[in-house]
1. Among the listed residues 223, 230, identify the single one that is among the small types (Gly, Ala, Ser), under 28 Å from residue 58 (Cβ atoms) and touching a residue at least 60 places away in the same chain (Cβ under 8 Å).
2. May I ask you to verify whether residue 103 is assigned by TED's automatic domain parsing to the domain that holds residue 47 and either acidic (Asp, Glu) or not in a helix (DSSP H, G or I) (or both)?
3. Quick check on residue 170: is it of a type outside the set (Gly, Ala, Ser), surrounded by fewer than 19 Cβ atoms within 10 Å (Cβ to Cβ) and either in contact with a strand residue (DSSP E or B) (Cβ under 6 Å, 6 or more places away or on another chain) or at pLDDT 95 or above (or both)?
4. Condition first: over 26 Å from residue 238 (Cα atoms) and either touching a residue at least 60 places away in the same chain (Cβ under 8 Å) or assigned to a loop (DSSP other than H, G, I, E, B) (or both). Now tell me which residues in the stretch 60-87 satisfy that.
5. Quick check on this structure: which one of 232, 196, 256 is assigned by TED's automatic domain parsing to the domain that holds residue 151, in contact with a His (Cβ under 9 Å, 6 or more places away or on another chain) and of a type in the set (A, V, I, L, M, F, W, C)?
6. How many of the residues in the stretch 88-108 are in contact (Cβ under 8 Å) with a residue 60 or more places away in the chain and within 13 Å of the chain's Cα centre (by Cα)?
7. For the stretch 144-164, which residues satisfy the criterion of being surrounded by 19 or more Cβ atoms within 10 Å (Cβ to Cβ) and without any contact (Cβ under 8 Å) to a residue 40 or more places away in the chain?
8. Could you grab me the full set of residues in the stretch 235-255 that are more than 20 Å from residue 61 (Cβ to Cβ) and part of a helix (DSSP H, G or I)?
Amino acid sequence: MMTRRQFMAVATAAALCCRARAEAAGRMLDFQIGDGFGDANKADIEAVLRSAAESIWRHCPNTRWEVTGFYIYHRRDYPICLDEHRVDGRIAIGLTTQGRYWAQFAFQFAHEFCHALAGHSNDWRRLWRGGQPANQWLEESLCETASLFALRAMARSWQTVPPYPNWKDYAGSLMKYARERLDKAALPTGTTFVAWFRENEAEMRKNGCLREMNNVVARQLLSLFEANPSGWETITFYRLGQCDPDESLAKRFGVWSAAAPVAQRGFICSLARIFAVG
């Protein structure tokens with residue numbers, strides 16, 4: 001018969017083991033691929049999406065999914081990360097691409113994966129959801145940044161460690177896709193980003209999904225994330241705190257910074273300074 005001390009030791013060890021398993025599960029990137037993606041093999045689609053996700057996910061070591069798993073489905077209108085979990089608990093992400101356009105798969109998914117970090121990670125029930133805040137353009141631009149970041153990171157890693165050995169040559173296509181997006185997002189000659197932003201902020205506040213403008217912002221943010229990739233974990237705190245549909249950009253950065261751990265506030269301040277509000 002066990003003594004009380006022995007019983008407590010066994011119970012504690014079992015609890016720690018269960019906690020470790022739960023934490024490990026919360027770090028998993030589990031994919032279920034739906035139909036409708038043309039002649040693209042589901043295993044290949046998963047390999048691309050996993051590579052895109054891991055390029056960002058590896059920089060978020062303290063982030064967990066409460067319910068592990070993504071359901072990837074095809075839709076005709078636009079890519080989206082749904083706010084509501086599926087009945088089975090999975091996060092539903094819709095993509096519009098088809099066939100073997102791996103760069104486009106990666107670009108679309110990385111954008112929606114960034115939305116998932118903002119809206120579904122850690123204690124996601126505390127997050128504000130829905131609505132169209134005045135600074136929705138900022139989250140959209142951050143997600144466009146995630147797409148560029150993932151493509152460039154994948155292009156580098158696939159040169160040496162592609163998902164399959166015969167995919168090494170796709171590295172150039174990934175970088176080309178990113179470069180074309182960056183070229184389209186260049187500022188007019190002689191224009192500073194702050195001047196461009198002040199001219200266009202009001203329009204973006206009315207419509208957060210003006211992709212050409214989102215891309216211009218993303219181009220400005222990319223170098224900061226590439227120099228400090230741990231900054232991706234700040235996205236998990238973006239929707240914590242008060243949601244004010246009419247908030248100023250300075251207030252959005254202030255609320256975001258206050259919700260984040262002290263160690264991550266410097267990065268958020270660096271983002272704010274790009275817009276001259278830091």
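The values are calculated or read from the model by the stated rules, or taken from the named source; none is laboratory data. Values in this document were obtained by computation on a predicted structure and should not be read as measured data. Cβ placement follows ideal geometry from the backbone for every residue including glycine, while neighbour counts extend to all protein chains displayed.
1. Residue meeting the stated conditions: 230.
2. So residue 103 fails the test.
3. So residue 170 does not fit the description; no.
4. Correct list: 75, 76, 77.
5. Of the residues listed, the single one that is assigned by TED's automatic domain parsing to the domain that holds residue 151, in contact with a His (Cβ under 9 Å, 6 or more places away or on another chain) and of a type in the set (A, V, I, L, M, F, W, C) is 232.
6. So the count comes out to 2.
7. Hit for the stretch 144-164 is 155, nothing else.
8. Correct list: 249, 250, 251, 252, 253, 254, 255.
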